[in-house]
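Trainee: Take this structure, written in structure tokens, and hold onto it; I'll ask about it next.
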Amino acid sequence: MAWLEAQEDDTYVRNAVDRVATLLRTSGQFKEAFRLRGLSPQDRAKAAWARLRRAAVDPRRVVAAWLAIEMIIRDDPQADLKAEFKRVQAAKLVHRMASGTHKRWGEGASATELHVYPRSRGRVLRHMGEALETACELLVQHRGRSVVRTR
């Protein structure tokens with residue numbers, strides 16, 4: 001995150017952050033976590049992006065999550081180098097940034113609370129990871145090595 005803030009004027013950093021912001025803006029209407037049943041994995045992925053938007057998650061945090069996975073995989077001598085692995089790991093991080101739906105009815109000790117967390121499922125994570133990879137690909141191609149060097 002510190003590297004992204006220091007490089008905020010860089011064309012590729014701005015591009016990645018703008019692309020993630022576009023993902024958030026175009027994700028559609030917010031759906032509460034308990035209303036996701038029956039949706040396709042792609043629609044669930046869009047709902048996850050909408051949750052991030054509603055939670056006002058900074059797009060730089062999402063880009064930072066992708067860069068963190070990139071750095072971890074580069075530093076691991078026995079890393080799983082499959083693209084799908086990277087996508088799913090990054091999507092897991094991003095999926096957790098905006099947790100589920102929390103509702104409260106009533107007041108005091110007699111209040112009723114509902115906490116529902118959407119499961120991070122395989123195909124949903126693959127869709128999210130693929131979108132995130134597309135958003136960050138130019139940054140990684142052109143500035144990926146400099147992130148690792150400045151740690």
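Trainee: Can you work out which of the residues in segment 80-112 that are acidic (D, E) and not in a helix (DSSP H, G or I) is least open to solvent (accessible area, probe 1.4 Å)?
Mentor: D80
Trainee: If we keep just the residues of segment 17-44 that are modelled with pLDDT of 90 or more and of a type in the set (A, V, I, L, M), which is surrounded by the fewest Cβ atoms within 10 Å (Cβ to Cβ)?
Mentor: A21
Trainee: I would also like to ask the following. Within segment 70-79, track down each residue that is open to solvent by 80 Å² or more (accessible area, probe 1.4 Å) and not in a helix (DSSP H, G or I).
Mentor: Listed by number, the residues that qualify are P77, Q78.
Trainee: Related question: (1) surrounded by 15 or more Cβ atoms within 10 Å (Cβ to Cβ); (2) at pLDDT 90 or above; (3) not hydrophobic (A, V, I, L, M, F, W, C): which one isn't true of R14, the others all being true?
Mentor: Exception for R14: condition (1).
Trainee: For segment 1-69, which fully contained helices (runs of 4 or more DSSP H) count at least 3 residues that are touching a residue at least 60 places away in the same chain (Cβ under 8 Å) and of a type outside the set (A, V, I, L, M, F, W, C)?
Mentor: Result: 11-25, 41-54.
The values are calculated or read from the model by the stated rules, or taken from the named source; none is laboratory data. Since the structure is predicted, the reported quantities are computational estimates derived from the model, not experimental observations. Every residue, glycine as well, gets a Cβ built from its backbone with ideal geometry; the counts of neighbours run over all protein chains shown. Protein only, heavy atoms only, side chains kept; ligands, DNA and RNA dropped before computing areas. Shrake-Rupley method; radii C 1.70, N 1.55, O 1.52, S 1.80 Å.
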